[in-house]
Amino acid sequence: MYDLIIIGSGPAGLSAAVYGVRAGLDLLVLEQNSMSGGQILNTYEVDNYLGLPGISGFDMGQTFRAHAEKLGAVFVTARVKEIVDNGDVKVVRTRKQDFETRAILVATGAEHAHLGVPGEEQFSGMGVSYCATCDGAFFKNKTVAVVGGGDVALEDAIYLARTSEKVYLLHRRDELRGAKVLQEELLALPNVEVLYSHVVEEIRGDQSVQNLLIRDVKTEAVRELPVDGVFIAVGIHPCSELILDKADHDETGYILAGENCASSVPGIYVAGDIRKKPLRQVVTAVADGANAAVSAADYLRNFKSL
């Protein structure tokens, strides 16, 4: 019987592990992937986390995990299939075994949203990518497109412009949404062209991506845009399926929880990108993890085992 099981080891889960161990909790961290870090593993450079300017997402993830392991946090690689809430005792079911616990922290993060256009699934991994830092090297001296207008899209376009011959940024609105500093850096690049008020209608090719069918949303004009690859950065959606049928959530699947990260289910907490909040960054995920672990420790004081 564990005091706390943390599902997911991105910044939120790892922060919770640190605070949970320091609070004396007997905890277990379950991570379905071979590496900890969550979405930051796909980030080339993190330049807005206090005290670690310019650190790579990979290094940040490994540093966070090393900190948790040094304090004694235990990690198991396993994919969670189901959470069973039996009141004071909860069961986390994985493919190989079940784990009993008094409290659960769900820190499963979010995943990239898709465009849902013809050719997207067909050419996934063959010119369609959701991670510029993962796949950008394959498009050195080639022409690529980035779809989106937020921080991630701008960061991807800037990163790709370092090695690609030409980068198109397609955004459905007539102005970008990303941070001003990123806009200024992007617009100063000679090999980047922003196509405002454009959307992708279809991704085309033979064995791999060869062009995009794009539409001007103002004039309705449709044309082909020759590219060798397309990077999709149109947002994320929460990986909240494990508790959608248990905890209160909004219409898009984000779990409703306050700053103490307590869901509507006693003993179940949420932290990081899965929680409904105005800002989703590494720093807010880390804060969530700390708050959730402290809240769980307070909750667990009700049990004689503590």
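Of the residues Ile236, Ile232, which is closer than 30 Å to Gly119 by Cβ, modelled with pLDDT under 95 and crowded, with 16+ Cβ neighbours inside 10 Å?
Result of the check over Ile236, Ile232: Ile236.
Among residues belonging to region 9-31 that are in a loop (DSSP other than H, G, I, E, B) and under 14 Å from Val282 (Cβ atoms), point out the one that is farthest from the chain's Cα centre (by Cα).
The selected residue is Ser9.
Would you please name the residue that is surrounded by the fewest Cβ atoms within 10 Å (Cβ to Cβ), looking only at residues in region 22-45 that are over 17 Å from Ser56 (Cβ atoms) and aliphatic (A, V, I, L, M)?
Here the residue is Ala23.
What strands (runs of 3 or more DSSP E), lying completely within region 50-154, carry at least 3 residues that are surrounded by 22 or more Cβ atoms within 10 Å (Cβ to Cβ)?
98-106, 143-147
Please enumerate the residues belonging to region 224-275 that are small (Gly, Ala, Ser) and in contact with a Pro (Cβ under 8 Å, 6 or more places away or on another chain).
Gly253, Gly272
For every residue, the table says whether it meets (1) polar (S, T, N, Q); (2) within 15 Å of the chain's Cα centre (by Cα); (3) within 15 Å of Gly8 (Cα to Cα); (4) assigned to a loop (DSSP other than H, G, I, E, B).
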site	(1), (2), (3), (4)
Ala247	no, no, no, yes
Glu251	no, no, no, yes
Ala257	no, no, no, yes
Asn260	yes, no, no, yes
Ser264	yes, no, no, yes
Asp273	no, yes, yes, no
Leu279	no, yes, no, yes
Val286	no, yes, yes, no
Ala292	no, no, yes, no
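Against the definition (in a strand (DSSP E or B) and either surrounded by 19 or more Cβ atoms within 10 Å (Cβ to Cβ) or touching a helix residue (DSSP H, G or I) at 6+ places or on another chain (Cβ under 9 Å) (or both)), how does Tyr269 come out, yes or no?
Numbers: in a strand (DSSP E or B): yes; either surrounded by 19 or more Cβ atoms within 10 Å (Cβ to Cβ) or touching a helix residue (DSSP H, G or I) at 6+ places or on another chain (Cβ under 9 Å) (or both): yes.
Yes.
Examine region 201-224 for a residue that is surrounded by fewer than 20 Cβ atoms within 10 Å (Cβ to Cβ), among the hydrophobic types (A, V, I, L, M, F, W, C), within 30 Å of Asp47 (Cβ to Cβ) and in contact (Cβ under 8 Å) with a residue 40 or more places away in the chain, and state whether such a residue exists.
No: zero hits.
Considering each residue of region 274-305, count those that are modelled with pLDDT under 95 and surrounded by 24 or more Cβ atoms within 10 Å (Cβ to Cβ), and give that number.
So the answer is 1.
The values are calculated or read from the model by the stated rules, or taken from the named source; none is laboratory data. Just so you know, these numbers come straight off a predicted model, no measurement behind them. For neighbour counting, all protein chains shown are included, and Cβ atoms are generated from backbone atoms with ideal geometry for every residue, glycine included.
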